[in-house]
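Values quoted throughout were computed directly from the atomic coordinates according to the rules given, and no laboratory measurement underlies them. Every value quoted in this text rests on a predicted model; they were computed, and no experiment measured them. Using ideal geometry, Cβ is built from the backbone for each residue, glycine included, and neighbour counts are taken over all protein chains shown.
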Amino acid sequence: MAAEKKEIDEIDRKIILDLQEDARRPYKDIAAKLAISEGTVKNRVTRLLQRGVLKLEARVDPFALPHKIPAIVGVNLKDRNHDEIMRQIEKIPEVTGVWNASGHFDLFFEIMVDSLDELNEILFKKDLKAIGGISYTETFIILSSTTKYFKLS
């Protein structure tokens, strides 16, 4: 189930880059920086949101919170039902993202838990085990990070 690709122009790209730095930045500031009207910025942001190109959300820095352990889990599947297993993994409340990937693993997911016991419970005793169709997982505990989200380049 591949997402439909949506083209953006250079102005859209610059607006997105500004909002990635600060999603609360006033449209008038973006407009002044890009030498366009505030109305143009507002209309373009609205259009990008409606088309699903842009999503504005609050992101949590797990390293700023006590007792939060972020991890990436690589997953190999018994069969190739990627989409269904991705949907099931995405339903686990502690999972923050799921990706279909090329390379050694079929899928990756990011998870944020309060303890290693909780991670163990999710991976081996209940949630992931209940999904089925998974032949192997490898867990990578994130020790530090300079990036808290993907940026448009």
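Observations, loosely collected:
- Residue order, fewest to most beta carbons within 10 Å, for Ile72, Ile111: Ile72, Ile111
- Test item: Cα-centred dipole of segment 62-141, Lys/Arg +1 and Asp/Glu -1 on Cβ, debye: 120
- Calculated [θ] (222 nm, deg cm²/dmol) that DSSP helices of n ≥ 4 give over the chain, each run adding -39,500 (n - 2.57): -9500 deg cm²/dmol
- Placing unit charges on the Cβ atoms of the charged side chains and taking the dipole of segment 1-96 about its Cα centre, the candidate lying farthest along the positive direction among Ala58, Ile89, Ile69 is Ala58.
- Cα long-axis angle, helix 38-50 against the chain (0 to 90 degrees, to the nearest 10): 30
- Reach of Lys14 by Cα under 28 Å, taken over lysines that are not fewer than 8 positions away in the same chain: Lys5, Lys6, Lys28, Lys33, Lys42, Lys55, Lys148, Lys151
- Shape parameters for segment 88-130, alpha-carbon atoms, Rg then Dmax in Å: 10.8, 30
- For the chain, the Cβ-based charge dipole about the Cα centre amounts to some 540 debye (Lys, Arg positive; Asp, Glu negative; other atoms uncharged).
- C-alpha center-to-center spacing [segment 86-108, segment 15-32] in angstrom: 31
- For segment 10-50, the extents of the C-alpha atoms along the principal axes are 24, 20, 19 Å, listed from largest to smallest.
- For segment 1-152, alpha-carbon Rg over 2.2 N^0.38 Å: 1.28
- Relative contact order of segment 12-99: 15 percent, from C-alpha pairs under 8 Å at least 6 residues apart in sequence.
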